[in-house]
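These notes concern the structure reproduced below.
Readers should treat all values here as calculations from the given coordinates under stated rules, not as data from a laboratory. Quick caveat: nothing in here was measured; it's all calculated off a predicted structure. Virtual Cβ from ideal backbone geometry, glycine too; neighbours counted across all protein chains shown.
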């Protein structure tokens, strides 16, 4: 870990083993007038630290909207989202951007890799944006890539990688700045079964720690086995939370 850029790795105070994300009475609408649609209808949800939580439900139920609000990408109309004790709904856009850059990593269904950059350069992007110089940023990204089995591909372009390898680069990009919260939107949707399971194992190994949390939106019931908790959504609300560790519904 580079010692020359401590600000990048500064984290908010956390409560290991406690609640990583607390959502309270969250509402979100899109459109206006006759076209107004309620995506989130006063949802409440707790996501514990040290766990991988899955958010599931039918298309259009509000899963991705909820994930986007938790990640600070989308603003809610009303309600509260606290991440390790910091209420992002009360932050200015500038504060939210800084908080997101320091504390949140993103993995999406689409890899969103820049075609002219190598795997290591793509994975280093969050560090460069945060102010790291290129050489230490790429070195750090290469270390993360190596840790997830991509050490021989650090200099490869996206066009030279398989779908599973590109998703690993996307995961490395999300992990280079050591985020407290990792949010993933359908990370296995474009992958075959075996590669999808490998990606889920990497997410657990790389990010589930006592003072970290992983939240995944998925339609893929093949990956349910990896979830410590599964939140079921329907019509913008959380209708059930399965605590798989306890073997009972919460």
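Extension gain, residue 129-residue 99: 0.36 nm per intervening residue step, less the Cα-Cα distance, totals 9.5 nm. Here the extension length gained between residue 77 and residue 234 equals 54.6 nm, from 0.36 nm per residue of separation less the Cα-Cα distance. Just so you know, the Rg over Rh for the chain is 0.96, from Cα atoms, with Rh as the Kirkwood radius.
The slack in the chain from residue 197 to residue 35, taken as 0.36 nm per residue of separation less the alpha-carbon distance, amounts to 54.4 nm. What translational diffusion coefficient, to the nearest whole µm²/s, does the range 143-250 have by Stokes-Einstein, given a Kirkwood radius computed over alpha-carbon pairs, a temperature of 20 °C and 1.002 mPa s viscosity? Estimated diffusion coefficient is 142 µm²/s. What is the antiparallel percent of DSSP beta bridges lying wholly in the chain, to the nearest 5? So the antiparallel bridges in the chain amount to around 55 percent. The angle between the Cα long axis of helix 134-147 and the longest principal axis of the Cα atoms of the chain comes to about 70 degrees, rounded to the nearest 10. Sequence-distant contacts, meaning Cα pairs under 8 Å at least 6 residues apart, place the relative contact order of the chain at 28 percent. Helical content of the chain, expressed as a calculated mean residue ellipticity at 222 nm, amounts to -8500 deg cm²/dmol (DSSP H runs of 4 or more residues, -39,500 (n - 2.57) each, divided by residue number, nearest 500). Rounded to the nearest 10 degrees, the inclination of helix 163-175 to the longest alpha-carbon principal axis of the chain is 80 degrees.
In the range 176-250, Cα pairs under 8 Å separated by at least six residues give a relative contact order of 26 percent. Peptides 167-174, 72-79, 110-117 ordered by packing proxy, namely the average of other Cβ atoms within 10 Å per residue, highest first: 167-174, 72-79, 110-117.
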